[in-house]
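*Asks:* Pasting in a structure now, in structure tokens, and then I'll have a few things to ask.
The values are calculated or read from the model by the stated rules, or taken from the named source; none is laboratory data. This is a predicted model, so every value here is computed, not measured. Virtual Cβ from ideal backbone geometry, glycine too; neighbours counted across all protein chains shown. Surface accessibility is based on the protein's heavy atoms, side chains included, excluding ligands, DNA and RNA. Shrake-Rupley method; radii C 1.70, N 1.55, O 1.52, S 1.80 Å.
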Amino acid sequence: MKQKNQLQSIMEASPLGVVVCDETGTIRVWNKQAEEILGVKSDNAVSSQLGEMGSKLFQGSSTSINKEDGKRDSAFRQNLELENNFGEQKYLQLAYSNVLDQDGNVFANQVVFNDVTSERTIRKKVDYLEHFDATTGLYNFNTFYREGIEQIEHFSQKDHALILINLDRLHMINHNYGTEFGDRLIRIVGMKLEELVGKSAIVARLRGDEFGVMLPWIEGQHEVNDVVREIMNELSKTNTILDVSIHITASAGASLYPNDGDSFEELYQKASLALKTAKKERNSFCFFDESLRESLDSYYYENELQKAIMNEEICLVYQPQYNLHTGEIVGVEALARWHHEEYGAISPGTFIPIAEETGLIIPLTDYVIKKVCEDYNKLKNSGVVLPRMSVNISAKQFSKFDFVDELLQTLDDYELPYNAFEIEITERVTMDIEQNLKKLIRLRTAGVYVSIDDFGTGYSSLKYIRELPVDFVKIDQTFITAATNDDGKKMVEFIVDLAELCEVEVIAEGVETKEQEEFLKTINCPYVQGFYFARPMSYERLITIAS
């Protein structure tokens, strides 16, 4: 009896439904989980015939589980969809087995089942989202890409066109009317595209405001022109959304197979360049042509750089800054380096301008800041405490509304002292005093050091040096190189004297010769940085020279 009660307790506590029937088909066990899943109370089920209560549970099992087949300990599994007593559709995973007595004889059958309805629903949703755009129901980027590849492979002897369509100023529409309004507009655009070309083309929503159309078996550019013209005319018609009448325009770019490339990836790259050209004028259409070929490298590196940032393939090197008179390291500047797996080292002169132009400079700088914090803590744990570690901050990054909050939060997250961190900003940032002064004051008040990089090469910022809350100005290398003649020396000396008058420290960048070092000493320039003293170096090398 005790053993029976223990078994009953285990069944009742089980997260699985358990139903047991004897040889006559009479239900003997119907646990609480079976009640919840099937919507039938145990009191109503036990002692009833299986045919009355959920006979579908044993559907398909009778031929595999019985006492005649010689496999009295055999099991049978299946998935089953049924409607429970509450009218709910349930998807169950079931396992059937015989129940044996002490002599090993079969005296009952049991089914143990798990309700996987929620998991199946989620899986269906995930499967859907893997292939389709949730807002429009069109193909998403990945499916469009695969379908485009198959189209070219299966019909390689035919001509095809890839058209990319971008809605002009969608971000302004979202800003003025809200994202719900914007989503409804996106759905309208998706429906219009399907109505216009859906039967003869592959249509997809690729990203926020961009759609793709793969037009197969074209007869020439004139056919593509006609399709694009029809699309743009239809999109420009008045749309009424939430009682608001709105007109939209679109820009489009296209590439042709096989003229512009023999792979879908090539076609997409070139259509993107054509679209980029069209967007400069808005409400226009452009085919790819050879005049855009020079931009292909930039486009390629943009995609590769984005992947490198996401995969943390950007590494840092550090160039020390020295006290010119004592020889002590007073700080290091962090510099990003990119080693591409195929093309090797990519010059910062190549990828930094691309990052600036495309906006990738923001995630790139975020990554650099976090990596600097990690390296500072590793240096500290190795017994090396540097006075300052500096990071270059672009005007685009600095102009972010929450830049200061994000920076200070990152420093807090890594427990980095504010006064161990320095930002290097350009003269462009210093020019917009009204917009940026409060940010600079907040940083200085918190203890973060601020320096003006490439000083003297940009705007007429010399007059602002007294007004700005900065700690350092970095004299650009071009002035140091020019200090071989009298005029060049006078300019460097003037900057040093001006900085001293305004109580701002000076760092001379790009010092590469003994002659330059001696000159800087004679005019009392306090700090230097350049190949003559140390080249940019790895974190491991920095430990050895800073110890």
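*Asks:* Out of the residues in the stretch 94-144 that are among the aromatic types (Phe, Trp, Tyr) and either open to solvent by 60 Å² or more (accessible area, probe 1.4 Å) or in a strand (DSSP E or B) (or both), state the one that is modelled with the highest pLDDT.
*Replies:* Going through the stretch 94-144, the residues among the aromatic types (Phe, Trp, Tyr) turn out to be 96, 107, 113, 128, 132, 139, 141, 144.
Retained after the next criterion (residues that are either open to solvent by 60 Å² or more (accessible area, probe 1.4 Å) or in a strand (DSSP E or B) (or both)): 96, 107, 113, 128, 132, 139.
Numbers: TYR96: 85, PHE107: 81, PHE113: 89, TYR128: 71, PHE132: 89, TYR139: 92.
It comes out as TYR139.
*Asks:* For the stretch 491-517, name all the residues that are among the β-branched types (Val, Ile, Thr), in contact (Cβ under 8 Å) with a residue 24 or more places away in the chain and not in a helix (DSSP H, G or I).
*Replies:* Start the filter on the stretch 491-517 by keeping residues that are among the β-branched types (Val, Ile, Thr), which leaves 492, 495-496, 504, 506-507, 511, 513.
After this cut, where a residue has to be in contact (Cβ under 8 Å) with a residue 24 or more places away in the chain as well, the list is 492, 495-496, 504, 506-507, 511.
Residues satisfying the conditions are VAL504, VAL506, ILE507, VAL511.
*Asks:* Quick one: in the stretch 1-45, which of the residues that are of a type in the set (Val, Ile, Thr) and within 15 Å of VAL99 (Cβ to Cβ) is modelled with the lowest pLDDT? Don't jump to the end; show me each part of the working.
*Replies:* First pass over the stretch 1-45, keeping only residues of a type in the set (Val, Ile, Thr): 10, 18-20, 24, 26-27, 29, 37, 40.
Then drop every residue that is not within 15 Å of VAL99 (Cβ to Cβ), which leaves 10, 18-20, 24, 26-27, 29.
Values: ILE10: 64, VAL18: 89, VAL19: 88, VAL20: 87, THR24: 80, THR26: 86, ILE27: 86, VAL29: 86.
In this case the residue turns out to be ILE10.
*Asks:* Could you please tell me which pairs satisfy a Cβ distance under 6 Å, a separation of 6+ or placement on different chains, a first residue in the stretch 476-488 that is within 18 Å of THR426 (Cα to Cα) and touching a residue at least 12 places away in the same chain (Cβ under 8 Å), and a second residue that is open to solvent by 40 Å² or more (accessible area, probe 1.4 Å) and assigned to a helix (DSSP H, G or I)?
*Replies:* The qualifying pairs are PHE479/MET491.
*Asks:* So, one more: For the stretch 307-347, what are the residues that are open to solvent by less than 30 Å² (accessible area, probe 1.4 Å) and not hydrophobic (A, V, I, L, M, F, W, C)?
*Replies:* Once the filter is applied, which keeps residues that are open to solvent by less than 30 Å² (accessible area, probe 1.4 Å) and not hydrophobic (A, V, I, L, M, F, W, C), the stretch 307-347 yields TYR318, GLN319, PRO320, GLN321, GLY331, GLU333, HIS340, GLY344.
*Asks:* In the stretch 193-207, what count of residues is obtained for those that are out of contact with any strand residue (DSSP E or B) (no Cβ under 9 Å at 6 or more places or on another chain) and either part of a loop (DSSP other than H, G, I, E, B) or open to solvent by less than 30 Å² (accessible area, probe 1.4 Å) (or both)?
*Replies:* Selection size over the stretch 193-207: 2.
*Asks:* Residue under question is VAL496, and the condition is that it be within 27 Å of ALA336 (Cα to Cα), open to solvent by less than 60 Å² (accessible area, probe 1.4 Å) and of a type in the set (Val, Ile, Thr); does it hold?
*Replies:* Numbers: within 27 Å of ALA336 (Cα to Cα): no; open to solvent by less than 60 Å² (accessible area, probe 1.4 Å): yes; of a type in the set (Val, Ile, Thr): yes.
So VAL496 fails the test.
*Asks:* May I pose another question? Can you say whether ILE523 is in contact with a Phe, Trp or Tyr (Cβ under 6 Å, 6 or more places away or on another chain) and either open to solvent by less than 80 Å² (accessible area, probe 1.4 Å) or farther than 23 Å from VAL332 by Cβ (or both), as far as the supplied structure shows? Before the answer, list the steps.
*Replies:* Details: in contact with a Phe, Trp or Tyr (Cβ under 6 Å, 6 or more places away or on another chain): no; either open to solvent by less than 80 Å² (accessible area, probe 1.4 Å) or farther than 23 Å from VAL332 by Cβ (or both): yes.
For ILE523, the condition - in contact with a Phe, Trp or Tyr (Cβ under 6 Å, 6 or more places away or on another chain) and either open to solvent by less than 80 Å² (accessible area, probe 1.4 Å) or farther than 23 Å from VAL332 by Cβ (or both) - is not met.
*Asks:* Which residue, of PHE472, PHE531, is closer than 16 Å to LEU324 by Cα, exposed (fewer than 14 other Cβ atoms within 10 Å of the Cβ) and modelled with pLDDT of 90 or more? Talk me through it step by step, then tell me what you get.
*Replies:* On the way: PHE472 fails: exposed (fewer than 14 other Cβ atoms within 10 Å of the Cβ).
Just one listed residue meets the conditions, PHE531.
Yes/no matrix, rows are residues, columns are (1) over 26 Å from the mean Cα position of the chain (by Cα); (2) under 30 Å from ALA345 (Cβ atoms); (3) modelled with pLDDT of 90 or more:
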residue	(1), (2), (3)
ASP243	yes, no, no
SER251	no, no, yes
TYR268	no, yes, yes
SER295	no, yes, no
TYR299	no, yes, no
GLU304	no, yes, no
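*Asks:* So, one more: Would you say ILE362 is more than 30 Å from GLN221 (Cα to Cα), open to solvent by 30 Å² or more (accessible area, probe 1.4 Å) and under 20 Å from the mean Cα position of the chain (by Cα)?
*Replies:* Here the answer is yes, as ILE362 does meet what is asked.
*Asks:* Also: Do you know which residues across the stretch 210-241 are buried (at least 16 other Cβ atoms within 10 Å of the Cβ) and outside any helix (DSSP H, G or I)?
*Replies:* Just the residues of the stretch 210-241 that are buried (at least 16 other Cβ atoms within 10 Å of the Cβ), to begin with: 210-216, 218, 224, 227-228, 231-232, 235, 239, 241.
Matches in the stretch 210-241: GLU210, PHE211, GLY212, VAL213, MET214, LEU215, PRO216, ILE218, ASN239, ILE241.
*Asks:* Show the residue pairs meeting these rules: Cβ distance below 8 Å; 6+ apart or different chains; first residue within the stretch 373-401 and closer than 19 Å to PRO536 by Cα and assigned to a loop (DSSP other than H, G, I, E, B); second residue of a type in the set (D, E, K, R) and open to solvent by less than 50 Å² (accessible area, probe 1.4 Å).
*Replies:* Matching pairs, first to second residue: ARG388/GLU422; ILE393/GLU424.
*Asks:* With the requirement that a residue be in a helix (DSSP H, G or I) and either at pLDDT 95 or above or more than 27 Å from PHE351 (Cβ to Cβ) (or both), what does the stretch 414-442 give you? Walk me through how you get there before you give the answer.
*Replies:* Start the filter on the stretch 414-442 by keeping residues that are in a helix (DSSP H, G or I), which leaves 418-420, 427-431, 433-442.
Hits for the stretch 414-442 are TYR418, ASN419, ALA420, ILE433, GLU434, GLN435, LEU437, LYS438, LEU440, ILE441, ARG442.
*Asks:* Which number in (1) among the hydrophobic types (A, V, I, L, M, F, W, C); (2) open to solvent by 20 Å² or more (accessible area, probe 1.4 Å); (3) in contact with a Ser or Thr (Cβ under 9 Å, 6 or more places away or on another chain) marks the one condition that VAL244 misses?
*Replies:* With respect to (1) among the hydrophobic types (A, V, I, L, M, F, W, C); (2) open to solvent by 20 Å² or more (accessible area, probe 1.4 Å); (3) in contact with a Ser or Thr (Cβ under 9 Å, 6 or more places away or on another chain), VAL244 is out only on (3).
*Asks:* May I ask you to list the residues in the stretch 9-37 that are open to solvent by less than 40 Å² (accessible area, probe 1.4 Å) and out of contact with any helix residue (DSSP H, G or I) (no Cβ under 8 Å at 6 or more places or on another chain)?
*Replies:* MET11, VAL20, ASP22, GLY25, THR26, ILE37, listed by residue number.
*Asks:* Are any of the residues in the stretch 153-169 at pLDDT 85 or above, part of a helix (DSSP H, G or I) and either over 21 Å from the mean Cα position of the chain (by Cα) or at positive phi (or both)?
*Replies:* Yes - at least one qualifying residue is present in the stretch 153-169.
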